[in-house]
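The values are calculated or read from the model by the stated rules, or taken from the named source; none is laboratory data. Given the structure is predicted, the values throughout are model-derived calculations rather than measurements. Counting neighbours? That spans all protein chains shown, and the Cβs are built from the backbone with ideal geometry, glycine included. To get the accessible areas, we keep the full protein, side chains included, count just its heavy atoms, and leave off ligands, DNA and RNA. Shrake-Rupley method; radii C 1.70, N 1.55, O 1.52, S 1.80 Å.
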Amino acid sequence: MITHLPPVAIEGHQSSRSGSPDHPMRVATRRAAGLEAGGWTSALRDEVAEFFDGLAGEWHTRTSPERTAIVMDALTRGFDPLFVPRGVALEIGSGIGAYSGLLAPRFSSVLAVDLSLAMLQRAPSGPAHRVQADAARLPVRDGAAAAVVLINSFLFPAEVDRVLARDGAVLWVNSSGEYTPIYLSFDDLLAALPGTWTGVASRAGEGSWCVLRRWQ
């Protein structure tokens, strides 16, 4: 069950409106989450890596104070009230590291993972530890993550379930809401993740976010 909080306005925020059901990254998102036939294959992994390697040089143009405000809203209204123990935050699809600095004060360490080496090479050396990896097979032991953070990122449900601590939380953010290329609805999140989850969700500007925790 998800409790929906009132939306908040973010002045000046506009959706990119670049996402659609037939966008190749939308299709890849659904395949990765097990919601569409085909699954996450080596060919699809290579296609996604090539796609984001090609965008790495201009990815900084897609960051903005308004997008940062969406992530901050998700953290302050959704995540912080849960009092998740300080530990490792696993930031999947971290890209050029635009949001790692928002996570660092809340955790003992941040492990920022991305498939694209070109993206990671453009990220700052801190405050996160940066690792190139396929999030379908994370180099993280079982139950090691206090939080799994997915900001415009692919969901691999079995891996999220495996690495998340029993008292941990999942943070899901779509900067352009349903128009984000990498997008799943909240219902799809609940359907894809193993087990039973509860959480809170809201909209911030044109974006949307959800924070989930396993039902204890």
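For this structure, a couple of remarks:
- Tally of residues being open to solvent by less than 10 Å² (accessible area, probe 1.4 Å) and touching a residue at least 60 places away in the same chain (Cβ under 8 Å) across the stretch 197-211: 7
- Taken over the stretch 150-179, the criterion of being open to solvent by 30 Å² or more (accessible area, probe 1.4 Å) and of a type outside the set (A, V, I, L, M, F, W, C) is satisfied by ASN152, ASP161, ARG162, ARG166, ASP167, GLU178, TYR179.
- Scanning the stretch 23-43 for residues that are more than 20 Å from SER94 (Cβ to Cβ), surrounded by 15 or more Cβ atoms within 10 Å (Cβ to Cβ) and either of a type in the set (Val, Ile, Thr) or touching a Lys or Arg at 6+ places or on another chain (Cβ under 8 Å) (or both) turns up just one, VAL27.
Every residue, every condition in (1) part of a helix (DSSP H, G or I); (2) in contact with a Gly (Cβ under 6 Å, 6 or more places away or on another chain); (3) open to solvent by less than 60 Å² (accessible area, probe 1.4 Å), yes or no:
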position	(1), (2), (3)
ARG45	yes, no, no
THR61	yes, no, no
GLU91	no, no, yes
SER94	no, no, yes
VAL110	no, no, yes
VAL113	no, no, yes
ALA118	yes, no, yes
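- Count of residues meeting criterion [open to solvent by 20 Å² or more (accessible area, probe 1.4 Å) and either within 23 Å of PHE156 (Cβ to Cβ) or not small (Gly, Ala, Ser) (or both)] in the stretch 124-138: 9
- Tally, over the stretch 26-43, of residues that are within 18 Å of the chain's Cα centre (by Cα), among the aliphatic types (A, V, I, L, M) and not in a helix (DSSP H, G or I): 2
- Output for the stretch 178-199, where each listed residue is touching a strand residue (DSSP E or B) at 6+ places or on another chain (Cβ under 8 Å) and over 20 Å from GLU91 (Cβ atoms): GLU178, PHE186, LEU190, GLY195, THR196, THR198
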